[in-house]
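Trainee: I have a structure here, written as structure tokens, and I will follow up with some questions on it.
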Amino acid sequence: WFRDYSSFDTVPQPGSTSRLDPIREVILNSMVYRNLGTAESIVGNFATNQNAARSGTTVDSGIRWFELRKVGSGNWTLHQEGTFSPGDSSTHHLIGAIATDKMGNIGMSYNVAKTSSPTVFATLRRTGRLATDTLGVMTQGETDIATGSAVETSGRWGDYHQTVVDPSDDCTFWTVGMYRPSGSWNTRISDFKFSNCSGGGTTTYTVSGTVTTSTGVGISGVTVSAGSNSTTTNSSGAYTISNLAAGSYTISPSASGYTFSPTTRSVTISSANVTGQNFTGTAVPVNNALSNGVPVNSSVSSTTANSDFTEFTVAVPSGASNLNIATTGASGDIDLYVRFGSSPGTGTGQYDCRPYTGSGNESCPFATPSVGTYYVRVYGYATGTQTFTITASWTTGGKGGTTFFENTSNFTINDNSDIYSPITVSGVSGNAPSDLEVAVNIVHTYIGDLQVYLIAPDGSSYTLHNRSGGGTDNINQTYTVNASSETANGTWQLRVRDRASGDTGYLDAWSLQF
């Protein structure tokens, strides 16, 4: 929106052509969660241009703020919203930071710049509303925290602005933000609270324990509930349920594929945290064994994202190569997790492959799989029942009549650099096939930095990966390339380009199957 979408620096300052960046691309700050007892609440804000044209050089900067609420087991809904920008169109409000106290009052700090008389240089202010006020309105007026007196020429502004509530009383708002006195920008920290909020914070407690097998091995990913509050066990099987008021609760563990003993525990919280609420989980035997190349129709039913899964096993024989485990035809968003030797989980380090495609069609390729059992879980990310087809396939005995070449040497991928890994092909007659399989295993954080190309012996280039995937880590995928115009024999290369700073990695292995 600001200035024909052509500049980050868009908010005018008095007596100058220099403008400030309102950081309009994202929701400002982390959204703030609070359990108000009768409802759960999330507040946030972002920059908006009130100029209806949404283009041109006319800017009327304001702060769009909102509150979402969730009552009991219901869905999150929009509770209230509003645009805060009092004054005329030359008064600009930007860089908001928002929070909620224990009463449900909302406090917000922000910057102001005004180009008409009386002018205002980049100044730090605050406002707010009481929980009992009319929805969608900041009713508490504006108060200066730190007054500006000069023009900021750098444009970059307000990156570290934040407002939080002091946990010691759950009433006091603390805010930190920038303003522009003479000389250079400064940061000011200040506090405020509303008169209807007093006393210490509401006392809450925790219930903790472990969920393990009969031999004491922790079971991760188990949902443990106490009333409307819940959490999941970590990699050691430990859990802590927080924000529990004094009272009686039934503690219940749940995870697809397990039964638990005891099924529930009853606890009463009076004046202290409760510990030692332990459970033993027993895995339900898995009979979903996948055979080579045989598709299996199945389903998964989740009440919340990834709350349910269906598990499969794949027994990989000696001499197998190019194992590929894939889901297709899914009715909704499902997530594929694969791990060798034991059941995978959704936590970091609990799986060997997780494609992150955001759809129901996912695959996990392994060019040189280990001999033994791979465990596969298909989680329902979308709620409700999702149907899908899963297939595990691999080649044995000379790669099933095809010809296989690979390079397992590691190549370091540095920032803003290229690497080339060669494979020399010989003994293959004629041209490459129209379905040349290129299996790639790259270990690299943030694969949105990467471009990956297959280079044929004559120098022709085929794009395999072009900076997609964003912040996802690692590429472990088999690509199919129509290389029928290329002579099969000769030196093929995998070219990997890192196009940004900050994340590095290495090419672990790649292969060609003709």
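What follows draws every value from the coordinates through simple rules; no lab data is involved. The model shown is predicted, which means the values in this text are computed figures rather than measured ones. A quick note on method: Cβ atoms are made from the backbone with ideal geometry, for glycine too, and the neighbour counts reach across all protein chains shown.
Trainee: Output ³J(HN,Hα) for the range 74-88: one whole-Hz value per residue in order, computed from phi by the Karplus curve 6.51 cos²θ - 1.76 cosθ + 1.60 with θ = phi - 60°, and x for Gly and Pro.
Mentor: x, 7, 5, 9, 6, 8, 6, 7, x, 10, 9, 6, x, x, 7
Trainee: Would you mind checking which residues have amide H under 5 Å from E486's amide H? H placed 1.01 Å from N; only 5 or more apart, or other chain.
Mentor: Those qualifying (amide H under 5 Å, at least 5 residues apart or on another chain) are A432.
Trainee: Between S90 and T139, take the C-beta separation as r, use R0 = 22 Å, and let me know the FRET efficiency to the nearest 0.05.
Mentor: Efficiency at R0 = 22 Å is approximately 0.40.
Trainee: When all alpha-carbon pairs of the range 2-192 are counted, what percent fall beyond 21 Å?
Mentor: 49
Trainee: Counting other C-beta atoms within 10 Å, and keeping those with at most 15, which DSSP coil trypsin sites (Lys or Arg not before Pro) do you find in the range 155-250?
Mentor: Answer in residue order: R156.
Trainee: S434 to T373: extension gain in nm, 0.36 nm per residue of separation minus the Cα-Cα distance?
Mentor: Contour length minus the Cα-Cα distance gives 18.7 nm.
Trainee: I want the local charge near Y374. Using Cβ-Cβ distances under 9 Å, sum +1 for each Lys or Arg and -1 for each Asp or Glu among the other residues.
Mentor: 0
Trainee: Also, I was wondering about something else. Tell me, what HN-Hα J-couplings in whole Hz come from the Karplus equation 6.51 cos²θ - 1.76 cosθ + 1.60 at θ = phi - 60° for each residue of the range 304-315, using x for Gly and Pro?
Mentor: After applying 6.51 cos²θ - 1.76 cosθ + 1.60, I find 9, 4, 6, 7, 9, 8, 10, 10, 9, 10, 10, 8 Hz.
Trainee: Roughly what % of DSSP beta bridges within the range 210-350 run antiparallel, to the nearest 5?
Mentor: The antiparallel proportion sits near 85 percent.
Trainee: Where both residues lie in the chain, what percent of DSSP beta bridges are antiparallel, nearest 5?
Mentor: Taking every DSSP beta bridge within the chain, about 95 percent pair in antiparallel fashion.
Trainee: Among 441-448, 363-370, how do they line up by average Cβ neighbours within 10 Å per residue, starting with the highest?
Mentor: Packing order, densest peptide first, comes out as 363-370, 441-448.
Trainee: Given a Förster distance of 25 Å, report the FRET efficiency between S236 and N273 from their Cβ-Cβ distance, rounded to the nearest 0.05.
Mentor: Once the sixth-power term is evaluated, E becomes 0.85.
Trainee: On to the next question. Where does the charge balance sit around C197 when Lys and Arg score +1, Asp and Glu -1, over other residues with C-beta under 9 Å from its C-beta?
Mentor: That works out to -1.
Trainee: If packing is taken as the average count of other Cβ atoms within 10 Å, what order do 107-119, 211-223 fall into, highest mean first?
Mentor: Those peptides, ordered most packed to least, come out 107-119, 211-223.
Trainee: Quickly rank 292-302, 413-423 as a protection proxy: mean count of other C-beta atoms within 10 Å, highest first.
Mentor: Taking the mean over residues of other Cβ atoms within 10 Å, the ranking is 292-302, 413-423.
Trainee: While we're here: For S184 and V296, what is the calculated FRET efficiency with R₀ set at 60 Å and r taken between the beta-carbons, to the nearest 0.05?
Mentor: Rounded to the nearest 0.05, the efficiency is 0.35.
Trainee: Contact order normalised by length for the chain, with contacts defined as Cα pairs under 8 Å and 6 or more residues apart; what percent is it?
Mentor: 8
Trainee: While we're here: So between T357 and T119, what do we pick up on full extension, going 0.36 nm a residue minus the alpha carbon distance?
Mentor: Here the answer is 80.6 nm.
Trainee: With the Cα gyration tensor of the range 179-320 giving a ≥ b ≥ c as the square roots of its eigenvalues, does the rule (a/c under 1.5 for rounded; else a/b larger than b/c for prolate; else oblate) give rounded, prolate or oblate?
Mentor: oblate
Trainee: Quick one: what do you get for the chain if you divide its Cα Rg by 2.2 N^0.38 Å?
Mentor: 1.23
Trainee: While we're looking at this one, here's another question. Which value, in nm² and rounded to one decimal, describes the direction-averaged projected area of the C-alpha convex hull of the range 289-395?
Mentor: Averaging across all directions leaves 5.8 nm² for the Cα convex hull.
Trainee: How much net charge surrounds H444 when only other residues with a Cβ under 9 Å from its Cβ are counted (Lys, Arg +1; Asp, Glu -1)?
Mentor: Overall, the nearby charge balance is -4.
Trainee: Per the Kirkwood treatment, what hydrodynamic radius in Å, one decimal, follows for the range 402-513 from the mean inverse distance over all distinct Cα pairs?
Mentor: 14.1
Trainee: Spelling out what I want: for every residue of the range 220-228, take phi, set θ = phi - 60°, compute 6.51 cos²θ - 1.76 cosθ + 1.60 (Karplus), and round to whole Hz; glycine and proline get x.
Mentor: 8, x, 7, 7, 10, 10, 9, x, 8
Trainee: Further question on the same structure: Would you pull out the residues with amide H under 5 Å of S149's amide H, same chain only if 5 or more places away, H placed 1.01 Å from N?
Mentor: HN-HN under 5 Å from S149: R180, S182.
Trainee: Going by amide H atoms built from the backbone, whose H comes under 5 Å of the H on L20, apart from near neighbours?
Mentor: T10, V11
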